[in-house]
Amino acid sequence: MKFGIRCSEGGHSFEEALSEVTLAESVGFDSAWIAEHHGWDDFWPSPHVALAGLATATTQIKLGTCVLILPQANPVRLAGEISLLDVVSGGRVTLGVGVGWRGQEMENLGFPFRSRGERMTEHLNALLAVWEDDPASFDGSHVSFENFSLQPKPLQDPHPPIWVGGEADVALKRAAVLGDAWLPVWRLNIDQLLERNQVYRSYLDEFGRATAGREQPILRLLCIDEDTETARESLRNQLEALVSRYQQRGYEVPDYLHRAVSGHFDEVADGRFIYGDPERCIATIDEISGTVGSNHFIFKLYNPGVEHEQVMEQIELVGEEVIPQFR
C-alpha cells in the first residue's frame, strides 16, 4: 500500500507546501501531488513548476499532478516540461491528467470547452508519440508536428507514468488504452467506485492491456484527529466552506456536497470521505482497498478554511499511526 498527499496550494503558500511535503517524506508518505487551475486563489496555474521547486528539496517522495488539465495544454511543450521535471527530480514524476470542468477557465486560455473530450484523447496520443518515437510525427485535428526530437529525454523509460482521471465510460476507456492507471475523483462513493472500476477493467481486458502490477490510485478527502467527533466537525466545516466558494464563483454546487451540508452529512460521507480517529481511518482505508482494490491512497488534506498547522498535524498523525499499519 502506498500513501500520498495533496498539499496546500494557491496564493503565496509555496513555503507551506514545501514544509508539508518535506514532512510527509520524513514520516513515510510515498507521493505528493498538486492540481491545476487558472484564476482561482486556491490553486496554482502550473503544477509542474511548483513540483520542480518541491523536487529540489526532497530526495525520495514521488511527485505528481493531480490533475493537470490536458485539453488546455500543448502536448509537445508539455512532454518537454514533464521530461525536464523528471530529470530535475531524478525520475520521480507521475503525470496525472484530467479533461477539466471549468468552461470559463478553458475559454480564457483560448481553448473551446465543448471540444475538450476529443482534445483530451488527441493530446494523450500526441504525448505518447513524442515520448515513444524519435523523431516523432503526428497529424491530428488539434495538434500536428513532424520529425520532432524531444530534448531532454525523461529518466523514466519510455516516459513518466500517465494516470488518467474521469468517470464517464469514455474517460475509463482512455485510461485503459492510453494510460498507465485510472485516477478516480474523490466524489465517488464505494459503490460508485466499484461499478466504475469494473467498467475500467472491462476495457483493459477488451484491449489486451496488462493488469498485473498496475497501480490503482484513488484520491480521497481525509480529515483525521485523535477525536472522531472533532474530525467530523472539521470536515463538515470544510465542506461548507467549499460550497460557499462554489456559490461565490457562480458554479453549480454538486448534489452530494449540497446534501452533505444540508442535514445528510453521514449519508454522503459514508464510503466517500475518510475521517475520524486513526482507528476509524484505518478501517475505512481497509474497506475501500478490500472492495475496490485501491493500492495508492492520495489524501486531499487542504481545503478552503484549513490552516497549514492542521495540515502538518494530520501529516504527522497519518505517518505515526496509519501508515505503519499497512507496512
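Computed from the coordinates by the stated procedures, all read-outs in this text should not be read as laboratory data. Everything numeric in this text was worked out from a predicted model, so none of it was measured. In this analysis, Cβ positions are derived from the backbone assuming ideal geometry, glycine residues included, and neighbour counts consider all displayed protein chains.
Observations on the structure shown:
- Taken over the Cα atoms of the stretch 126-171, the convex hull encloses 92 Å³ per residue.
- Residue-count net charge about His142 - beta-carbon cut-off 10 Å; Lys, Arg +1, Asp, Glu -1: -1
- Across the stretch 134-143, rounded Karplus estimates of 3J(HN,Hα) from the backbone phi angles (6.51 cos²θ - 1.76 cosθ + 1.60, θ = phi - 60°) give 8, x, 10, 9, 7, 10, x, 6, 10, 8 Hz, Gly and Pro being marked x.
- For Leu63, net neighbour charge (Lys/Arg +1, Asp/Glu -1) across residues whose Cβ lies under 11 Å away: -1
- Cβ-based exposure ranking for Leu18, Leu188, in which fewest neighbours within 10 Å come first: Leu18, Leu188
- Every Cα-Cα pair in the stretch 187-235 was counted, and those over 11 Å apart are 75% of them.
- Projected onto planes of every orientation and averaged, the convex hull of the alpha-carbon atoms in the chain covers 15.7 nm².
- Using the alpha carbons alone, the radius of gyration of the stretch 11-112 stands to its Kirkwood radius in an Rg to Rh ratio of 0.98.
- Overall shape: prolate for the stretch 216-327, with the ratio a/c of the largest to smallest alpha carbon gyration tensor axis at 1.5 or above and a/b above b/c.
- Values of log10 I(q)/I(0), in the order q = 0.17, 0.25, 0.26 Å⁻¹, for the stretch 250-302 under a Debye, Cα-only, solvent-free model: -0.66, -1.06, -1.08
- Gyration tensor (alpha-carbon) shape descriptor, the stretch 79-167, a/c threshold 1.5: oblate
- Taking a Cβ cut-off of under 14 Å around Ala32, the surrounding Lys, Arg, Asp and Glu residues balance to a net charge of 0, with basic ones at +1 and acidic ones at -1.
- For the chain, DSSP calls about 10 percent of its internal beta bridges antiparallel.
- Here the sum of -39500 (n - 2.57) over DSSP H runs of 4 or more residues, divided by the residues of the chain, equals -13500 deg cm²/dmol at 222 nm, to the nearest 500.
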